[in-house]
There are 2 protein chains.
Amino acid sequence: MQNKITKTLKAIADPTRREIFHALVVAACAMPITQVSSQFNMSRQGVTKHLRTLEDAGLVLIQTKGRERFCYANTAPLKEINQWLKFYEKFWDDSLQNLGTYLEGKS
Amino acid sequence: MQNKITKTLKAIADPTRREIFHALVVAACAMPITQVSSQFNMSRQGVTKHLRTLEDAGLVLIQTKGRERFCYANTAPLKEINQWLKFYEKFWDDSLQNLGTYLEGKS
DNA sequence: CAAACAAGCAACTATTTGGTTGCTTAAAAT
DNA sequence: ATTTTAAGCAACCAAATAGTTGCTTGTTTG
């Protein structure tokens, strides 16, 4: 349904999800869901939903071990966002002045 | 209500909005709303709503001239996303291998 | 085996989002 | 001065989102 970059952007557009993702990145080791959710002022199910969104975007990988499900951050999908941004870097710092130029010509 | 980066990310998380933004960037000149909306298979009001979201994120600047409202892209807010990404660049390419290492230690 | 624990599933709710249409206002053109 | 045009506003709608709770399932552990 949604393409990859849209999924990734939507995943990180939510501040709670950015926090969850960040926590997993800095943890540098896999964590079972309960342990993740214990760090947030939210029900386990709430966190699970966010984790699923992140997993769907590939930003979190989950591996089952017995009754536990270990979550781990994967930053790779962020590369695509970086690529997307690269195109617009060319336009940084000259947008406003162009607007000025254009509007002057009009008046 | 929402902080800046969240607004920016939400704005570009929508594919239609990314298209509108892109069209304005490559146009390199300000365009009245009707002209923007003519490029999309959507009502003018639909496009206007998206433009407002983009404007609220600072990605589009709008200046009124008579009965027209000229829209212009401003890429500056993307810098903040770039900053956000920078932190995670450090972790690119080693996420998966760390997971492997961790899980091996567990078994 | 029984108790405790990790997590999934389903149902429900409120809010936000992406879109529409109809009507009004104000500026420009004829 | 009338008509056309640009755009705003408001109301409405369906679908998605962010969250909750209650219950079940399956794995550990005592």
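The values are calculated or read from the model by the stated rules, or taken from the named source; none is laboratory data. The structure presented is a predicted model; accordingly, all values stated were derived computationally and were not measured. With ideal geometry, Cβ positions are generated from the backbone for all residues, glycine too; neighbour counts draw on all protein chains shown.
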From the list B:Ile12, B:Ile81, which one is out of contact with any strand residue (DSSP E or B) (no Cβ under 7 Å at 6 or more places or on another chain) and within 13 Å of DNA strand C (Cβ to nearest atom)?
B:Ile12
Look at A:Thr16 and say whether it is within 10 Å of another protein chain (Cβ to nearest Cβ) and within 22 Å of B:Phe87 (Cα to Cα).
no
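Here is a check on your reading of the model: is A:Val36 modelled with pLDDT of 95 or more, buried (at least 19 other Cβ atoms within 10 Å of the Cβ) and within 14 Å of DNA strand D (Cβ to nearest atom)? Please lay out each step first, then the result.
Details: modelled with pLDDT of 95 or more: yes; buried (at least 19 other Cβ atoms within 10 Å of the Cβ): yes; within 14 Å of DNA strand D (Cβ to nearest atom): yes.
In short, yes.
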Pairs, please: C-beta under 8 Å, at least 6 apart or cross-chain, first residue more than 13 Å from A:Thr8 (Cα to Cα) and in the stretch A:35-57, second assigned to a loop (DSSP other than H, G, I, E, B)?
A:Ser37/A:Ser43; A:Gly46/A:Phe40; A:Val47/A:Phe40
